[in-house]
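Novice: The structure under discussion is supplied below as structure tokens; questions concerning it will follow.
The values are calculated or read from the model by the stated rules, or taken from the named source; none is laboratory data. This one's a predicted model, so the numbers in the text were calculated from it and none came from an experiment. Cβ sites come from the backbone with ideal geometry, for glycine too, and all protein chains shown count toward neighbours. Side chains included, ligands, DNA and RNA excluded: accessible areas come from the protein's heavy atoms. Shrake-Rupley method; radii C 1.70, N 1.55, O 1.52, S 1.80 Å.
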Amino acid sequence: MYLVLLGPPGAGKGTQATALSRDYGLAHISTGDMLRSAVRDGTQLGKEARDYMDRGALVPDELVTAMMRERLQRDDAKKGFILDGFPRNVAQAEQLDAILEELDQPLELVVNLQVPEAELIRRMTGRRVCPGCGESYHLVFNPPKSLGICDQCGEDLIQRDDDKEATVRARLEVYGRENAPLVDYYNATGLLVNVDGRGTVDQVYERIRGEVK
Ligand code: ADP
Ligand code: ADP
Ligand code: ZN
């Protein structure tokens, strides 16, 4: 299954992608996680991306698509993947189509998670993430078994720098600008399904599963 998860920041893409990748044996490819690890490792890409991420802006398309071209060519992506956080605009969607055409792995499904803005802000401002494995938690909605510690790998959870309220608003603005054309693009291909992202993690998961044949 070759799948894209669309949705605003904080919608639950990472949470749902983690569960789907486990149950369906798909590679979970998150551009946000890849970029954050490049920043942490101090690579050239990380140095170039950092400032954009801190401001809640998009990292330039050339950098992100080059990173994805390399990632999608790896063996584990052949058996199926779920893209989380990419594409973010129409230019990236076109680049993705070109890459997948070369690989002869056309997209099969685009799930568009829909969540109202007030709920997104609650989800993002309470988000805590594991720097070790990327698992995402929430102080209230999805707490780890023991306070401040990752269930999966035992590392101390942190708050992302860009999950502070001012940056959250900037990210929502970017999303508001870029998303409608992207949804139109995928609607035209017939691959897009809208999924209600409200309710519990399990409820949303069941809705997505209903779309994955
Ligand atoms: P969220 O899951 O909250 O939407 P992400 O982890 O996907 O956030 O993204 C965090 C930041 O990383 C973005 O604000 C942006 O700066 C950068 N980023 C992630 N994916 C992309 C992308 N496809 N294109 C450009 N920038 C990206
Ligand atoms: P995204 O990758 O779309 O930015 P995440 O999966 O990181 O979103 O989820 C954002 C925050 O909301 C996290 O703190 C996560 O634990 C929490 N969350 C995810 N799904 C739900 C849900 N259905 N109900 C409440 N909180 C959720
Ligand atoms: Zn962890």
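Novice: Find the residue count for the range 140-188, including only residues that are open to solvent by 70 Å² or more (accessible area, probe 1.4 Å) and closer than 24 Å to Gln114 by Cβ.
Specialist: 9
Novice: Continuing with this model, one more query. Go through (1) more than 8 Å from ligand 2 (Cβ to nearest atom); (2) surrounded by fewer than 22 Cβ atoms within 10 Å (Cβ to Cβ); (3) not basic (Lys, Arg) one by one and return the number of the condition Leu3 breaks.
Specialist: (2)
Novice: Exactly one of these conditions fails for Ser37: (1) open to solvent by 10 Å² or more (accessible area, probe 1.4 Å); (2) away from ligand 1 (no atom under 13 Å from the Cβ). Give me its number.
Specialist: Single failed check for Ser37: (2).
Novice: Only residues that are of a type outside the set (A, V, I, L, M, F, W, C), within 17 Å of Gly176 (Cα to Cα) and away from ligand 1 (no atom under 14 Å from the Cβ): list them for the range 115-141, please.
Specialist: Once the filter is applied, which keeps residues that are of a type outside the set (A, V, I, L, M, F, W, C), within 17 Å of Gly176 (Cα to Cα) and away from ligand 1 (no atom under 14 Å from the Cβ), the range 115-141 yields only Pro116.
Novice: Being open to solvent by 10 Å² or more (accessible area, probe 1.4 Å), touching a residue at least 60 places away in the same chain (Cβ under 8 Å) and of a type in the set (Gly, Ala, Ser) narrows it down to one residue among Gly80, Gly25, Gly14, Gly32; which is it?
Specialist: Among Gly80, Gly25, Gly14, Gly32, only Gly14 is open to solvent by 10 Å² or more (accessible area, probe 1.4 Å), touching a residue at least 60 places away in the same chain (Cβ under 8 Å) and of a type in the set (Gly, Ala, Ser).
Novice: Mind listing whichever residues of the range 17-34 are over 21 Å from Gly46 (Cβ atoms) and within 11 Å of ligand 1 (Cβ to nearest atom)?
Specialist: Ala17
Novice: Give the residues of the range 56-84 that are among the basic types (Lys, Arg) and at pLDDT 95 or above, sorted by residue number.
Specialist: Correct list: Arg69, Arg71, Arg74.
Novice: Tell me the residue from Arg198, Arg209, Arg169, Arg160 that is among the basic types (Lys, Arg) and within 16 Å of ligand 3 (Cβ to nearest atom), please.
Specialist: That would be Arg160, the only listed residue that is among the basic types (Lys, Arg) and within 16 Å of ligand 3 (Cβ to nearest atom).
Novice: Go through the range 126-139 and report how many residues are on the phi < 0 side of the Ramachandran plot and crowded, with 17+ Cβ neighbours inside 10 Å.
Specialist: The total comes to 9.
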